[in-house]
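**Q** Just dropping this structure here.
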Amino acid sequence: MSGPYRPGTPCWTDLMVPDQQAALDFYRDLFGWQGEVGPPETGGYSVCELLGKPVAGIMKAMNPDGTVPDPLPPAVWTTYLSTDDLGAALKAGEAAGGSTVMGEQQVMDLGKMAVLADPTGAVFGLWQAGTFAGAGIVNEPGAVVWSELATTDPAAAAAYYSKLLPIGTAPSEIPGAEGYTELQVNDRSVGGIMGLDQHPEGTPPHWLTYFNVDDADSVQAAAVRAGATVLAPAFDMPVGRMAVLQDPQGAVFAIIKTTDAPQQPDPR
C-alpha cells in the first residue's frame, strides 16, 4: 500500500496501556507482530509491524510531561479516521455536537493527529498523513479487518460522522444483520455502527477494532493462556467466526476468521 487513506477511512489503531512491554509481548505472541519500545523523541511509541509493514501502535500511558498519570486511564484501543484537513475536521466535529479530547498535535514529519469524542461519548482519533499514511497492511491474519462503533444512538452518531468527514451510511444487506449500519467512503463500506442492546448493561459507547485471524477458536485459546479474558466466546455469524476478548491489561478487541465479511479497504 502507498499514499494516504481516503478521508473518512479507518487508517490506524493504537493501544494505550500501563505496561507497554507486556502489551508488546502479548500481541507479538498472539498475532506475530514485531515491535519494540520506541525512541525518546517519540515518547517511546511502538510501531508494530506484520510482514515488515506497520500494522498498529502501542504506547505507555503517560502525561504530556512524561509523568505517569494518577489514576491510570483504562487500557484502550483507539481507532483513527483519515482526514486531509485536520483543522477543518476539528471545527466540523465541534459544530456537529462532538467534543475535542486532545487538539491538533504535530507528530514530527509523520503527520498530525487529534482525539475526539462523538456526541454519544465514543472516543476516536483523526490522522492527517505526512510521511506516514497509517496501516501498511490490512485484512491479512494479524491485521485490522474491520472497525465498529457501538453506541446508544446509532442515528445521531451516523449524522455526526457524515458531517465530520465524507462518510456515507447504508443499511447492511448481510443476512441476520438487520439494524446494522455500514459506514461508507466512495460507496465502499469501511466500518459499521450498531446499538448497545447486545452489550452488557452499562457498557459505554466505543469503537471496537477487529483483527483478522486464521482460526478464531485457537487464537481465543492462546489469548486465554496468555492471561486474556473472553467477553464473547467464539461464535458463528454470517460474515465469519468471531470472539471478543479483553487483554491482560483490560483493552477490548475482537478477532474474526472472515468468510465474506466487509473488509478494511486499502488507501487507493
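The values are calculated or read from the model by the stated rules, or taken from the named source; none is laboratory data. Just so it is clear, the structure is predicted and the values come from calculations on it, not from any experiment. Virtual Cβ from ideal backbone geometry, glycine too; neighbours counted across all protein chains shown.
**Q** Suppose the filter is outside any strand (DSSP E or B), within 18 Å of A150 (Cβ to Cβ) and not assigned by TED's automatic domain parsing to the domain that holds Y210; does P71 pass it?
**A** Taking the combined requirement at face value, the residue does not satisfy it.
**Q** Within the stretch 43-88, can you find the residues that are under 19 Å from L245 (Cα atoms), surrounded by fewer than 21 Cβ atoms within 10 Å (Cβ to Cβ) and of a type in the set (A, V, I, L, M, F, W, C)?
**A** Scanning the stretch 43-88 gives A75, V76.
**Q** Of all strands (runs of 3 or more DSSP E) completely enclosed by the stretch 138-200, which ones contain at least 1 residues that are aromatic (F, W, Y), closer than 24 Å to G57 by Cα and modelled with pLDDT of 95 or more?
**A** 144-151
**Q** Something else about it: Just to be sure I understand the filter: pairs with C-beta atoms under 8 Å, separated by 6 or more residues or on different chains, first member in the stretch 105-124 and over 13 Å from T83 (Cα atoms), second member basic (K, R). Which pairs pass?
**A** From the stretch 105-124, the pairs are Q105/K112; Q106/K112.
Here's the yes/no breakdown for (1) out of contact with any Asp or Glu (no Cβ under 8 Å at 6 or more places or on another chain); (2) of a type in the set (V, I, T); (3) farther than 25 Å from P73 by Cα:
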| position | (1), (2), (3) |
| --- | --- |
| W12 | yes, no, no |
| Q21 | yes, no, no |
| F26 | no, no, no |
| D29 | yes, no, no |
| W33 | no, no, no |
| G38 | yes, no, no |
| T42 | yes, yes, no |
| K53 | yes, no, yes |
| A56 | no, no, no |
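**Q** Any residue at all in the stretch 82-96 that's under 18 Å from L15 (Cβ atoms) and part of a strand (DSSP E or B)?
**A** No, every residue in the stretch 82-96 fails to be under 18 Å from L15 (Cβ atoms) and part of a strand (DSSP E or B).
**Q** Here's a follow-up. In the stretch 152-184, how many residues are of a type in the set (S, T, N, Q) and closer than 21 Å to S82 by Cα?
**A** Residues that pass the stated criteria total 4.
Here is a yes/no grid of residues against (1) aliphatic (A, V, I, L, M); (2) assigned to a strand (DSSP E or B); (3) more than 24 Å from P166 (Cα to Cα):
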{"residue": "E49", "(1), (2), (3)": "no, yes, yes"}
{"residue": "G66", "(1), (2), (3)": "no, no, yes"}
{"residue": "Q106", "(1), (2), (3)": "no, yes, no"}
{"residue": "L116", "(1), (2), (3)": "yes, yes, no"}
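**Q** Check off (1) more than 23 Å from P74 (Cβ to Cβ); (2) in contact with a Ser or Thr (Cβ under 7 Å, 6 or more places away or on another chain); (3) hydrophobic (A, V, I, L, M, F, W, C) for I193 and give me the number that stays unchecked.
**A** With (1) more than 23 Å from P74 (Cβ to Cβ); (2) in contact with a Ser or Thr (Cβ under 7 Å, 6 or more places away or on another chain); (3) hydrophobic (A, V, I, L, M, F, W, C) applied to I193, the lone miss is (1).
**Q** Let me ask another. Checking the conditions here, which among A88, A117, A96, A122 is touching a Lys or Arg at 6+ places or on another chain (Cβ under 6 Å), under 30 Å from A156 (Cα atoms) and at pLDDT 95 or above?
**A** Going through A88, A117, A96, A122 in turn, the sole match is A96.
**Q** If a residue must be outside any loop (DSSP other than H, G, I, E, B) and either over 23 Å from E148 (Cα atoms) or free of Cβ contacts under 8 Å to residues at least 40 places away in the same chain (or both), how many such residues does the stretch 1-25 contain?
**A** Result for the stretch 1-25: 5.
**Q** Would you please list the contacts, defined by Cβ atoms under 9 Å and residues six or more apart or on different chains, that run from a residue in the stretch 227-251 that is of a type in the set (S, T, Y) to a residue that is at pLDDT 95 or above and surrounded by fewer than 15 Cβ atoms within 10 Å (Cβ to Cβ)?
**A** From residues that are of a type in the set (S, T, Y), the pairs are T229/G250.
**Q** Quick check on my filter: what residues within the stretch 151-196 are surrounded by fewer than 18 Cβ atoms within 10 Å (Cβ to Cβ) and either in contact (Cβ under 8 Å) with a residue 60 or more places away in the chain or hydroxyl-bearing (S, T, Y) (or both)?
**A** Passing the criteria: T152, A159, S162, K163, P166, I174, P175, G176, A177, Y180, N186, R188.
**Q** Further question: Hey, can you tell me all the residues within the stretch 106-137 that are touching a Cys at 6+ places or on another chain (Cβ under 9 Å) and among the aliphatic types (A, V, I, L, M)?
**A** A129, A133, A135, listed by residue number.
**Q** Looking at this structure, is G136 closer than 30 Å to D214 by Cα and outside the structural domain of V213 (by TED's automatic domain parsing)?
**A** Yes: the conditions hold for G136.
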